[in-house]
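The values are calculated or read from the model by the stated rules, or taken from the named source; none is laboratory data. Everything numeric here is computed off the predicted structure, so don't read it as measured data. Cβ: placed from backbone, ideal geometry, glycine included. Neighbour counts: every protein chain shown.
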Amino acid sequence: MSTPRTLFLSFVFILSGCGGGGSSATSTTEAPESTYLDASNSNIHITAGNLNGSLELGVTSEAYSTVMTIDSGLAYLNADITSGDTYFLEIVKSPQNQICEVTGEDQITVTDGVLRIGILCFPAHWLTIATFDIPGNVTVKLDNGEIAEIPSGVEDFTFKSKFHHLKSGEEGISIIDTPEGYGCAINELTATAYFKDTERPERELYCFPLNKRIIEVSSNLGAFSVLREDGRVFVWGNSGSGGDATFYLRDLKNVRSLSEAPYRKGLSFTVIYENGSILSYGGSEVVGADSSSVEHLLTNTDRVFHNGFSNIGLTTDNRLVGWGSELYGGDTRLHLFSSLRTMHQNIGAYAALLENGDVVTFGSSIFGGEVSSSLQSSLMNVKDITASDTGFAALKQDGSVITWPEDSGVNSPDVDDLPRLTNVKKIVYGRNYVAIRENGELVVWPTLVGDVLYVDGKYATQEDLLEMQENVVDVVANQSAYAVIFKNRSVKAFGLNDFGADDEGVASELVNVKSVFALNNTVSGAFAALRYDGTVVTWGMGPAANSASVASDLVNVEIIFHNDYAFAAIRSDGSVVTWGDNARGGDSSAVQSDLIGVQKIYATDEAFAALKNDGSVITWGNPRDGGDSSHLAQQLNRL
């Protein structure tokens, strides 16, 4: 049986805007007259502190039920009260501008023939919770114990409370009952939301179906975004990277796909709706977080790309529309004459490779967004494009190479190298460009950035490279070091020692290598070589370079992922092994039991998110950058 206190609170919260409401008690005897007697001639004594108006009090026992009207601070009444019986007390109706509560116990056993009742009244405040996607009644509890039942379908729920505001944090309001098959959550609007809309209530309550699979994950510099099979999107992580979507949450549904972000690029997210329209959100307008100025131009969007400071939308009719920083590509308005094959971007410019082999550039001229007419005429029959920090290199079908911006020492090959940039099959960029020729030779440029350094401390010339690097099949680079994979599947590193050029300690183990993975941050770098037998060899600088603590677990490894500070390996049974900076993803012990059946891992700069076969997502690493998604456990299908 519900206690009268609960009945009272539930009733109070469903009062209409005028503060009215009927009695919830049914009289089984005649109610006493509304005349007050003196204390000596009455058997019900009521003290109502701070009462300012008229209230209705329900008094109920097994054999008795009545509703009394009280409009005085002291009231003495006669009723059919029996000693030994227990009476339940309920405030049925408070005054318009007050909330009244029974003080002490709300069930009293009469022992001396007198029922003594204490009541205390508080000033009432009308609070509003904005609600959306409410499929059925939701019951919530405020931090002061008041309970409200929010009906389905309501958009803004206004209720009467003795508190004039809701406290911040999880203790402010909690959800105690939800519709069957649904989870519900409180969305606390941020300062950004207030800046955009000062009329919006500070709390929103929304609901979502449970047990919906995650079908797509996107990450940028400091936040994650997921798309569920029901078309809803949820984000978490650094608010400056788009990890706080509180203001947009009610709009993140009916989504078809997420924007594509190169690793460690971007400070915003964009969703593409089922109807082809878009919405961006994130850190600020300058990084492409505000798409309002171009949404009318993007009603049939196919894909969205970004470079950290701008976004580019590709429509189904081959138009490119940009927003964000105008200097870095945000002012783009182009109509492509051939379908887009791939998009390549650096920090300030884009290079679009078309299906017919032509290249279209846009963005800052400093970063290669503009080319001369003579160079443009040469950007034909292009096979692939490699982006550097400040420019681009195009590999043509005939094996020749074109780089831009033109006459740039940072991107242009040395004069002596130009004759050798023929029969190239692949270009890799780290601190320098590295071209792999069909005969297995390497060409490295430019030397103006710094000569190539071998592990023995010798500064190498291009002739040294030509002599020592033969039968190369692939090169993997981080910021300032390179791991060269030879035809016989051995590996040799070169570059700067602080980033992994020194492989002397593991040189004998770098055989039978299947693939190599490279990470770096601002001060150091490391490599992890996956061998065909499923074991892993690591080297370089920093915690990620040393996998000794998990060496016994690094067996049957199928693929390796990384952020800027740690590695995460998926084994053949779907389990995960991590190593590196413990606070930034190297230590997954807190979620290790959940890391089973993992199919892919995504990364921000300091955190990981694992997508499992069952469609759920598990996170670890720096909480600030997406390592903690516990507040979205139900949304991410973690039940």
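Filter segment 222-247 for residues that are in contact with a Leu (Cβ under 7 Å, 6 or more places away or on another chain) and at pLDDT below 90; which is surrounded by the most Cβ atoms within 10 Å (Cβ to Cβ)?
Checked segment 222-247; the qualifying residue surrounded by the most Cβ atoms within 10 Å (Cβ to Cβ) is GLY242.
Which of the strands (runs of 3 or more DSSP E) contained wholly in segment 217-329 include at least 3 residues that are among the hydrophobic types (A, V, I, L, M, F, W, C)?
Ranges flagged: 223-228, 233-237, 268-273, 319-324.
Working only within segment 478-502, note down all residues that are assigned to a loop (DSSP other than H, G, I, E, B) and surrounded by fewer than 24 Cβ atoms within 10 Å (Cβ to Cβ).
Within segment 478-502, GLN479, SER480, LYS487, ASN488, ARG489, SER490, LEU496 qualify.
Quick one: PHE88 ticks every box in (1) in the same structural domain as GLY181 (by TED's automatic domain parsing); (2) at pLDDT 90 or above bar one, so which box is it?
If we test PHE88 against (1) in the same structural domain as GLY181 (by TED's automatic domain parsing); (2) at pLDDT 90 or above, just (1) comes out false.
Restricting to segment 514-529, give me the number of residues that are over 26 Å from LEU221 (Cβ atoms) and either among the β-branched types (Val, Ile, Thr) or surrounded by fewer than 22 Cβ atoms within 10 Å (Cβ to Cβ) (or both).
So the count comes out to 1.
Can you say whether SER629 is among the hydroxyl-bearing types (Ser, Thr, Tyr) and either at pLDDT below 95 or within 25 Å of GLY240 (Cβ to Cβ) (or both), as far as the supplied structure shows?
Yes, satisfied.
Please determine whether any residue of segment 117-136 is β-branched (Val, Ile, Thr) and closer than 14 Å to ILE46 by Cα.
Yes, because at least one residue in segment 117-136 is β-branched (Val, Ile, Thr) and closer than 14 Å to ILE46 by Cα.
For segment 316-335, enumerate the residues that are surrounded by 18 or more Cβ atoms within 10 Å (Cβ to Cβ), in contact with a Lys or Arg (Cβ under 9 Å, 6 or more places away or on another chain) and not basic (Lys, Arg).
Correct list: LEU320, VAL321, GLY322.
For VAL286, only one of the following conditions fails: (1) surrounded by fewer than 18 Cβ atoms within 10 Å (Cβ to Cβ); (2) of a type in the set (A, V, I, L, M, F, W, C); (3) closer than 18 Å to SER225 by Cβ. What is its number?
Exception for VAL286: condition (3).
Condition test on GLY58, is it modelled with pLDDT of 90 or more and in a loop (DSSP other than H, G, I, E, B)?
no
Filter segment 504-541 down to residues that are farther than 22 Å from THR619 by Cβ, out of contact with any Lys or Arg (no Cβ under 7 Å at 6 or more places or on another chain) and not in a strand (DSSP E or B), then give me how many there are.
14
Report, by residue number, each residue of segment 485-516 that is farther than 18 Å from VAL434 by Cα and basic (Lys, Arg).
ARG489, LYS514
Please give the strands (runs of 3 or more DSSP E) falling wholly within segment 565-618 in which 3 or more residues are touching a residue at least 60 places away in the same chain (Cβ under 8 Å).
Filter on segment 565-618 gives 598-603, 607-612.
Only one of these is under 12 Å from ALA223 (Cβ atoms) and in contact with a Phe, Trp or Tyr (Cβ under 8 Å, 6 or more places away or on another chain): GLY242, GLY266. Name it.
GLY242
Give me a count of the residues in segment 254-275 that are crowded, with 18+ Cβ neighbours inside 10 Å and at pLDDT 95 or above.
Residues that pass the stated criteria total 5.
Every residue, every condition in (1) farther than 22 Å from ALA607 by Cβ; (2) polar (S, T, N, Q), yes or no:
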residue	(1), (2)
ARG203	yes, no
ARG213	no, no
SER219	no, yes
VAL226	no, no
LEU249	no, no
